[in-house]
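The values are calculated or read from the model by the stated rules, or taken from the named source; none is laboratory data. Bear in mind the structure is a predicted one, so any value in this text is a computation, not a measurement. Reconstructed Cβ throughout: ideal geometry from the backbone, glycine too, with neighbour counts over all protein chains shown.
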Amino acid sequence: MNNLIEIAAAEIKQLADIEPKQASKKFELMANTMTDEVLVEVIEHMDIVTLTQINSHHDISCPSIMSELMSPEQIRDIVCQQPLYWEEKIKSNADELIQHTFDFLTYLIRIQDSEAKQTRILECIAEDPAGLFYLSIPFIEYILGPSTENDNHSHINDNYDDEDDGETVGFNNRSAEEEAHSLSIDDPRSLLALIRELAPDVEKAIKNLLRSENSSWLTIINKFVSELVIQAKEKNQVTDEYAEVDDMFSFLD
């Protein structure tokens, strides 16, 4: 059995290096003949780079069983590793980055089958400084708001718009706060409301981090991107493959 697990993990890794989507399909085929316990062992035999490559090619509309079976610690490591794979259009545009990080976090959290695991994932990500940076990015504009030319201090905005726009969609297990404020699943405020309900200490950590930054929201994003890439490279013991990843990025206003 150990040999079978090692062979399966090696095959998926080889595919992931070439075509991550094919690697994911291979894992789905394995899921038809293996128990969840064996699949978890296969995942444990994969390195974090392989897991990041595969999971980065899924979203909430196309979930993978791999994402459901990963541990909170593995999900945290993926979140901290992913900045090495950001495309240039994501790294150089604040709106793209906010949307990308929101989509990825929404996918990794919403796909889980229990609130207990969702909570542990949030807590696990927030325990890592790089993870907390990543977790904060989708909410920077909502919490701080864009600075104006006549205002040197960022405005904290904790209010939700509770007007129903008639387009609310989402899961049946949406939090009470999401329901109360008619927040659609594709609204970053919806994810923030879920975090507030499941892990209030994580929400506090996000807000405390942002409030400690005496800068405009664009400047904060720029700083967070720099920190995330640097820390991801350090954790990955960067090789020549990543040697040209820029440490600093600048967004256009």
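Some points to look at:
- Among (1) outside any helix (DSSP H, G or I); (2) aliphatic (A, V, I, L, M); (3) closer than 30 Å to Met1 by Cβ, the one test that Val40 misses: (1)
- Look at the range 192-217: where a residue is more than 13 Å from Gln118 (Cβ to Cβ) and part of a helix (DSSP H, G or I) and a partner is at pLDDT 90 or above and of a type in the set (Ser, Thr, Tyr), sitting 6+ places away or on another chain with Cβ atoms under 8 Å, you get Ile206/Ser136; Leu209/Ser136; Leu210/Ser136.
- Residues in the range 123-159 that are farther than 22 Å from Gln231 by Cα and of a type in the set (A, V, I, L, M) were compared, and the one that is modelled with the highest pLDDT is Ile143.
- Residue within the range 94-111 that is touching a residue at least 60 places away in the same chain (Cβ under 8 Å), basic (Lys, Arg), assigned to a helix (DSSP H, G or I) and more than 30 Å from Leu29 (Cα to Cα) present: no
- Pick from the range 24-52, criterion under 25 Å from Lys233 (Cβ atoms) and among the aliphatic types (A, V, I, L, M), ranking: surrounded by the fewest Cβ atoms within 10 Å (Cβ to Cβ): Ile48
- So Lys21, is it surrounded by fewer than 18 Cβ atoms within 10 Å (Cβ to Cβ) and in contact (Cβ under 8 Å) with a residue 12 or more places away in the chain: yes
- Selection status of Gln81, crowded, with 20+ Cβ neighbours inside 10 Å, in contact (Cβ under 8 Å) with a residue 60 or more places away in the chain and either in contact with a Ser or Thr (Cβ under 6 Å, 6 or more places away or on another chain) or within 14 Å of Pro20 (Cβ to Cβ) (or both): yes
Each row is one residue, and each column tells you yes or no for (1) surrounded by fewer than 15 Cβ atoms within 10 Å (Cβ to Cβ); (2) at pLDDT below 85.
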residue: Ala193; (1), (2): no, no
residue: Leu209; (1), (2): no, no
residue: Trp217; (1), (2): no, yes
residue: Leu228; (1), (2): no, yes
residue: Ala232; (1), (2): no, yes
residue: Glu241; (1), (2): yes, yes
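- Flag for Ala16 being more than 25 Å from Val229 (Cα to Cα), assigned to a helix (DSSP H, G or I) and not aromatic (Phe, Trp, Tyr): no
- So Arg120, is it at pLDDT 95 or above and either closer than 25 Å to Glu234 by Cβ or of a type in the set (Lys, Arg) (or both): yes
- Of all the listed residues (Ile75, Ile60), the sole one being surrounded by 14 or more Cβ atoms within 10 Å (Cβ to Cβ), under 30 Å from Asn222 (Cα atoms) and at pLDDT below 90 is Ile60.
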